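Working notes, beginning with the structure itself.
The values are calculated or read from the model by the stated rules, or taken from the named source; none is laboratory data. Everything numeric in this text was worked out from a predicted model, so none of it was measured. A quick note on method: Cβ atoms are made from the backbone with ideal geometry, for glycine too, and the neighbour counts reach across all protein chains shown. Side chains are part of the model used for accessible areas, which takes the heavy atoms of the whole protein and leaves out ligands, DNA and RNA. Shrake-Rupley method; radii C 1.70, N 1.55, O 1.52, S 1.80 Å.
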Amino acid sequence: MASVASRCGVGMSEQGRGLPPLLRLDGVGARVGDRTLFEGLSFSVEAGVAWAVVGPNGVGKTTLMRAIAGVRAADEGQVWLGDRELSEYTRREIARGVAVVPQSSSPVFEFSALEFVLMGLHASRPRFSLPSSADRQRALDALARLEVDALANRPVSSLSGGERQRVVMARALVADAPLWLLDEPTANLDLRHQLRLLEVMRQHVDQGGAAVAVLHDLNLVHRTFDRVLLLASGRALGWGPPDEVLNEEDVSEAFGLPMRRVQVEGRQVWLA
Ligand SMILES: Nc1ncnc2c1ncn2[C@@H]1O[C@H](COP(=O)(O)OP(=O)(O)OP(=O)(O)O)[C@@H](O)[C@H]1O
């Protein structure tokens, strides 16, 4: 899999020490008004690693994702893609290296699901070029992996919330970007489709990509993710392996609710 920097069309320095991480946060912080959401976030997202971001509503998870995607600049610190700071890339370059599944997306125009997925290819194709038959097949394959290929010709606006979510994920899939940013990708999905979507994400990561995903289900974090960032009001309580970061004391503090972690058939399960 190509690195973020090479996919973005930007040269990368060879230092003989391997490639830089796909994404690096260096002292990143964000505020809304005079309220600090988080500060001092410093960690790297390496190829082959899936990160989850968890925390209660309104704590700043989407704000963090927007800062990583270059949609909203961080209020402090730096975000690096490959060996360059985010602000040095054009939007088109970022789109080649980073595929985004936003928390909600409501297309304004009447695109079919297939047309919507083909938009994922725009950043890597010459401007104003029409999709080739190979592109269309690739988009159909992506829809099939998310089990929504039968909906290819339906207007996106007519799809259910869960169907639309899987179409949006298919658009990320065709973009072939090394880094995926997924904001609550499993919202609206039944359990089987939640697991299917995370399996597709996991395959991407295991093939040398990386992902950062906002999730609310802590059980899925233990099951699928290598690292987790736990946000509480105004600060990060920890980041690292899920079994360490998601301990009863910190999770209970973050969510303001006594929470217990038990093992069932070798799996970590959270009880409120
Ligand atoms: N443009 C804005 N103006 C004012 N406040 C904002 C703005 N954008 C976000 N906020 C506030 O910043 C806080 C963090 O929002 P954010 O969407 O990042 O939370 P979140 O952790 O993703 O929440 P959720 O789990 O509910 O999706 C919230 O209190 C939100 O109301």
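Pick out the one residue from 79, 54, 100, 117 that is of a type outside the set (Lys, Arg) and open to solvent by 20 Å² or more (accessible area, probe 1.4 Å).
Working: 79 fails: open to solvent by 20 Å² or more (accessible area, probe 1.4 Å); 54 fails: open to solvent by 20 Å² or more (accessible area, probe 1.4 Å); 117 fails: open to solvent by 20 Å² or more (accessible area, probe 1.4 Å).
Criteria check complete, one pass: 100.
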Name the residue, out of 44, 87, that is hydroxyl-bearing (Ser, Thr, Tyr), farther than 16 Å from residue 231 by Cα, open to solvent by 60 Å² or more (accessible area, probe 1.4 Å) and more than 14 Å from the chain's Cα centre (by Cα). 87
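State whether one or more residues within segment 7-21 are modelled with pLDDT of 95 or more, open to solvent by less than 50 Å² (accessible area, probe 1.4 Å) and more than 12 Å from the ligand (Cβ to nearest atom). Can you show your working first?
As a first pass, look at segment 7-21 and keep what is modelled with pLDDT of 95 or more: none.
The answer is no, given that none of the residues of segment 7-21 is modelled with pLDDT of 95 or more, open to solvent by less than 50 Å² (accessible area, probe 1.4 Å) and more than 12 Å from the ligand (Cβ to nearest atom).
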Those residues of segment 25-41 which are surrounded by fewer than 17 Cβ atoms within 10 Å (Cβ to Cβ) and either on the phi > 0 side of the Ramachandran plot or aromatic (Phe, Trp, Tyr) (or both) amount to 27, 33, 40
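Looking at segment 179-208 only, could you name the residues that are assigned to a helix (DSSP H, G or I) and within 16 Å of the ligand (Cβ to nearest atom)? Working first, answer last.
Going through segment 179-208, the residues assigned to a helix (DSSP H, G or I) turn out to be 191-206.
Hits for segment 179-208: nothing passes.
Just name the residue that is least open to solvent (accessible area, probe 1.4 Å) out of those in segment 236-264 that are part of a strand (DSSP E or B) and out of contact with any Leu (no Cβ under 9 Å at 6 or more places or on another chain).
Narrowing segment 236-264 to residues part of a strand (DSSP E or B): 236-240, 260-264.
When the remaining residues are screened for being out of contact with any Leu (no Cβ under 9 Å at 6 or more places or on another chain), the result is 263-264.
On the way: 263: 125, 264: 74 Å².
For segment 236-264, the residue satisfying everything is 264.
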First in segment 49-75 and within 17 Å of residue 228 (Cα to Cα) and assigned to a helix (DSSP H, G or I), second anywhere and open to solvent by 30 Å² or more (accessible area, probe 1.4 Å) and near the ligand (Cβ under 7 Å from one of its atoms), Cβ under 8 Å, 6 or more apart: 62/103; 63/32
Identify, please: which residue in segment 120-160 is at pLDDT 95 or above, in contact with a helix residue (DSSP H, G or I) (Cβ under 6 Å, 6 or more places away or on another chain) and assigned to a loop (DSSP other than H, G, I, E, B) and is, among those, most open to solvent (accessible area, probe 1.4 Å)? 154
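May I ask you to verify whether residue 176 is in contact (Cβ under 8 Å) with a residue 12 or more places away in the chain and within 22 Å of residue 111 (Cβ to Cβ)? Spell out how you get there, then give the answer.
Numbers: in contact (Cβ under 8 Å) with a residue 12 or more places away in the chain: yes; within 22 Å of residue 111 (Cβ to Cβ): yes.
It is true that residue 176 is in contact (Cβ under 8 Å) with a residue 12 or more places away in the chain and within 22 Å of residue 111 (Cβ to Cβ).
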